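Asker: Have a look at this one.
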Amino acid sequence: MIEAELKARVHDPERMRALLEDAYGPGRYEVYRDTYYDDPAGELMGGDRELRIRTVHGAGGTRTVLTYKGARVDAASGSKPEYETGVEDGDAAHAILRGLGHVPRIAFEKRCSSYAFTVDGRRLLATLVRVPEIDGTFLEVETMAKDEGDLPGALAVVRGVLADLGVAVDDLTTELYTDAVAAARGPRHG
C-alpha cells in the first residue's frame, strides 16, 4: 500500500477548521508523540525511509502504532509505501527497536484534529496539524493507493478535496516534519 498524501500550509487555521467541520462533521482531536528510529549509520533516514513509533492520546484513550515507510515513489507529492500495525505495549516496542540496534533520531509532538470521510469510494483523512516547534499550521489529506498504478487516481481525489477546501497549489509542501523540527532545534539537537 502507498500513502497518497498531500500537505499544505494553512494561512487561516480557524477558517479551515470551520470548512472541515461544515463538510465532514466534528473532528477528532489527538496528540501524537512520534519517535523516529534509524540504524546507527543513519541509513534509513538517509535513504528516505522512516521507522516510527507513534503514541496517540485522545478522548478515546491511548494507542500506539509502529510504522515503516519506504522511499518516495512520487517526488511531487512525497507519497511513500507505508506499513503500519497497532502495538499493544508501546514501551516494549521501543525496547525491541533499541534491542535490534536502532537508535532514536528525533522525537516530537503533533497536535492534530482529524476528519474521516469518503470520496469516490476512497476513505480519506484530513488532518489539521500543529507542531509546537514549527511555525504555522498544516493540512494533510491522505488516502491509500493499492500500488503505484493506483497512485495517480488516489492523488487526484486528494487534490480535489484540497481544491474544494480552497487550498492553493502554491501552499503545498513536501517538507518533512522531521526535517523542520531538526532545523528548528539546530545542528546539535536533531
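Read-outs: derived from the displayed coordinates by stated rules, not from any lab. None of the values given here were measured: they were computed from a predicted structure. Reconstructed Cβ throughout: ideal geometry from the backbone, glycine too, with neighbour counts over all protein chains shown.
Asker: With θ set to phi - 60° and the Karplus curve 6.51 cos²θ - 1.76 cosθ + 1.60, what are the ³J(HN,Hα) couplings of the range 101-114 in order, to the nearest whole Hz, using x for Gly and Pro?
Answerer: For the range 101-114, the Karplus-derived couplings read x, 7, 10, x, 9, 7, 9, 7, 10, 10, 9, 10, 10, 10 Hz, x marking Gly and Pro.
Asker: Next up: Show me 4-10, 161-167 ranked by packing, highest mean number of other Cβ atoms within 10 Å first.
Answerer: 4-10, 161-167
Asker: Another question, then. Counting only other residues whose beta carbon sits under 15 Å from that of Asp38, what net charge do I get with K and R as +1, D and E as -1?
Answerer: Summing Lys/Arg as +1 and Asp/Glu as -1 gives -1.
Asker: On to the next question. Going Cα to Cα from Lys110, which aspartates and glutamates come in below 16 Å? Please leave out same-chain ones fewer than 8 positions away.
Answerer: Glu30, Asp34, Glu133, Asp135, Glu140, Glu175, Asp179
Asker: Hey, can you grab everything whose amide H is under 5 Å from the amide H of Val87? Only 5+ residues off in sequence or another chain; H modelled, so Pro and N-termini drop out.
Answerer: So Val87 has HN proximity to Thr64, Val65, Leu66.
Asker: Using a Gaussian network model on the chain with a 10 Å cutoff between Cα atoms, which of Asp147, Asp22, Asp171 fluctuates the most?
Answerer: Fluctuation is largest for Asp22.
Asker: Using only Cα atoms, what is the ratio of the radius of gyration of the range 70-167 to 2.2 N^0.38 Å?
Answerer: Working it through for the range 70-167, the quotient is 1.29.
Asker: Next up: Are there any chymotrypsin sites (Phe, Trp or Tyr not before Pro) in the range 81-156 that are in a DSSP loop and have at most 13 other Cβ atoms within 10 Å? List them by number.
Answerer: Answer in residue order: no site qualifies.
Asker: Let me ask something else. Restricting to DSSP H runs of at least four residues, report the calculated mean residue ellipticity at 222 nm for the chain, -39500 (n - 2.57) per run over all residues, nearest 500 deg cm²/dmol.
Answerer: So the calculated ellipticity at 222 nm is -7500 deg cm²/dmol.
Asker: Could you give me the ³J(HN,Hα) list for the range 18-28, computed from phi with Karplus coefficients 6.51, -1.76, 1.60 and θ = phi - 60°, whole Hz, x at Gly and Pro?
Answerer: 5, 4, 5, 5, 5, 7, 10, x, x, x, 10
Asker: While we're looking at this one, here's another question. Starting from the Cα of Tyr29, step 7 Å along the direction of its Cβ; do the same at Arg111; then give the gap between the two resulting points in nm.
Answerer: Label at Tyr29, label at Arg111, 0.9 nm between them.
Asker: So how much slack lies between Glu148 and Val103, counting 0.36 nm per residue of separation and subtracting their Cα-Cα distance, in nm?
Answerer: Net length gain for the segment: 13.1 nm.
Asker: Out of Ser79, Ile2, Ala180, whose Cα points farthest toward the positive end of the dipole of the range 2-185 (charges: +1 Lys, Arg; -1 Asp, Glu; placed on Cβ)?
Answerer: Farthest along the dipole direction, towards plus: Ala180.
Asker: Taking Lys69 as the anchor, which lysines have their alpha carbon closer than 17 Å to its alpha carbon, excluding any fewer than eight residues away along the same chain?
Answerer: Reachable lysines: Lys7, Lys80, Lys146.
Asker: Next question, about the same structure. Could you please report the charge total around Arg130, scoring K, R as +1 and D, E as -1 over all other residues with beta-carbon less than 9 angstrom from its beta-carbon?
Answerer: Once all neighbours under 9 Å are counted, the net charge is +2.
Asker: Can you list residues whose amide H is under 5 Å from Val119's amide H, if they're 5+ apart or on another chain and H is modeled 1.01 Å from N?
Answerer: Leu124
Asker: Give me the dipole magnitude in Debye, nearest 20, for the range 2-185 about the Cα centre, with unit charges on the beta carbon: positive for Lys and Arg, negative for Asp and Glu.
Answerer: For the range 2-185, the charge dipole is close to 320 debye.
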